[in-house]
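The values are calculated or read from the model by the stated rules, or taken from the named source; none is laboratory data. Note that this is a predicted model, so its numbers are computed, not measured. When we count neighbours, we look across all protein chains shown, and the Cβ atoms used for this are built from the backbone with ideal geometry, even at glycine.
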Amino acid sequence: MRVLSYSDLKDEKLIDLSLEGDRKAFGEIVERYKSMVARTVKGMLGDVVYAEDIGQEAFIRLFNSLPEFRGESKLSTYLNRIAINLTLNEIKRRKRSGSVVSDIGYGELNPSLDVADENDHDRRDAHEILNTALQTIEPKFRIVVVMRLLEGYSTKETSDILGVPVGTVLSRLSRAQEQLKKILIKLR
Amino acid sequence: MIRGDISELIMRLTSAGEWEEKDEKVLSTLRASYKFSPGFTERVVDAIAAVQHDFYNDFALRLSSLLTKVVVTGVAATIILAISVFLSGGEISLDSLLGFTNATDESIICLLTGN
């Protein structure tokens, strides 16, 4: 008989185990969704040092709110909402305090991108171009692009997660598209 | 995968349906470039353990402080009661402290019924 490992367990079971104090079970939740949170947080903030802190905070908030999680939405959706709210709050906070929101410096801030082979070079190039372009548009436009492009959500799913009508998502995508097109031409 | 691919993706942002297969290929490479540094999971689990530890330590400290206050207040109240009983009656006993002095069946019925 094969022994089940944590990676075989469904989210619901991992939540139950986490609530019973099983840290490895929560570790599996983190492992499962850290890429998703990284895309949301780093897509919104860029490759800044504090993006990792925001990601960590999102998981801590998730852990603390697990007793209230009723499973009405998917765990990934619930977690993404937390990450989005934290990220938007961080952008507002930094804007208020006048500190820089984006401080792109991939080589030193994201060692995983500092590689030499050709595929990774292309990937880094695309990553840098997209991040540079994203940081120049307003957060309300940026978030819909991140949801659609990096998270792969449909416009309907994006509207559900952000709590805005589909029409608003589409109009924001359209505005974002116009702005990004202009920026990408400048970046040539 | 460079600027041209990204521009194409941006052009198709507003299409409501699924991404085309060639887009998905570009997107999966792009998505994979967004990640946290190694050891992220361990750091999150450690941070949660630290928060929980702090919570339990804080709770134990608060409970201990509360119990100390209750004990000190109780001892002070007992001493004040003993002094007042001694001053009013000239003597002190367990019954007088507990308020059982001259307690008879009749007086208790009178106290309870008012007759």
Among (1) in a helix (DSSP H, G or I); (2) at pLDDT below 75, B:Asn115 falls short only on (1)
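Please verify whether A:Leu173 is within 19 Å of A:Leu88 (Cα to Cα), touching a Gly at 6+ places or on another chain (Cβ under 9 Å), at the interface with another protein chain (Cβ under 8 Å from one of its Cβ atoms) and crowded, with 16+ Cβ neighbours inside 10 Å, treating the condition exactly as stated.
It is false that A:Leu173 is within 19 Å of A:Leu88 (Cα to Cα), touching a Gly at 6+ places or on another chain (Cβ under 9 Å), at the interface with another protein chain (Cβ under 8 Å from one of its Cβ atoms) and crowded, with 16+ Cβ neighbours inside 10 Å.
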Selection from segment A:58-75 of residues that are within 16 Å of A:Ile161 (Cα to Cα) and either part of a loop (DSSP other than H, G, I, E, B) or in contact with a strand residue (DSSP E or B) (Cβ under 6 Å, 6 or more places away or on another chain) (or both)
A:Phe69, A:Gly71, A:Glu72, A:Ser73, A:Lys74
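Output yes when any residue across segment A:24-36 is part of a loop (DSSP other than H, G, I, E, B) and of a type outside the set (Gly, Ala, Ser), and no when none is.
Quick first cut of segment A:24-36, residues part of a loop (DSSP other than H, G, I, E, B) only: none.
No, the conditions are met nowhere in segment A:24-36.
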(1) within 34 Å of the chain's Cα centre (by Cα); (2) facing another protein chain (nearest Cβ under 9 Å); (3) in a helix (DSSP H, G or I); (4) modelled with pLDDT of 85 or more: which one isn't true of B:Gly74, the others all being true?
(2)
Set A:Gly107, A:Gly43, A:Gly98, A:Gly55: member being modelled with pLDDT of 90 or more and more than 24 Å from B:Val45 (Cβ to Cβ)
A:Gly43
Out of segment A:35-51, which residues are surrounded by 20 or more Cβ atoms within 10 Å (Cβ to Cβ) and within 7 Å of another protein chain (Cβ to nearest Cβ)?
A:Ala38, A:Arg39, A:Lys42, A:Gly43
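How many residues does segment B:46-64 hold that are among the polar types (S, T, N, Q) and either loosely packed, with under 11 Cβ neighbours inside 10 Å or more than 19 Å from A:Leu19 (Cβ to Cβ) (or both)?
First, the residues of segment B:46-64 that are among the polar types (S, T, N, Q): B:52, B:57, B:64.
Of the ones still in play, those that are also either loosely packed, with under 11 Cβ neighbours inside 10 Å or more than 19 Å from A:Leu19 (Cβ to Cβ) (or both) are B:57, B:64.
Counting residues in segment B:46-64 that are among the polar types (S, T, N, Q) and either loosely packed, with under 11 Cβ neighbours inside 10 Å or more than 19 Å from A:Leu19 (Cβ to Cβ) (or both) gives 2.
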Please find, within segment A:147-170, the residue that is surrounded by the fewest Cβ atoms within 10 Å (Cβ to Cβ) out of those that are away from chain B (no Cβ under 11 Å) and of a type in the set (A, V, I, L, M, F, W, C).
A:Val164
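Go through segment A:1-23 and give me each residue that's outside any helix (DSSP H, G or I) and not small (Gly, Ala, Ser). Talk me through it step by step, then tell me what you get.
Step one: list which residues in segment A:1-23 are outside any helix (DSSP H, G or I), which gives A:1-5, A:9-10, A:20-22.
The answer is A:Met1, A:Arg2, A:Val3, A:Leu4, A:Leu9, A:Lys10, A:Glu20, A:Asp22.
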Any residue at all in segment B:32-41 that's in a helix (DSSP H, G or I), free of Cβ contacts under 8 Å to residues at least 60 places away in the same chain, more than 7 Å from chain A (Cβ to nearest Cβ) and of a type in the set (Phe, Trp, Tyr)?
no
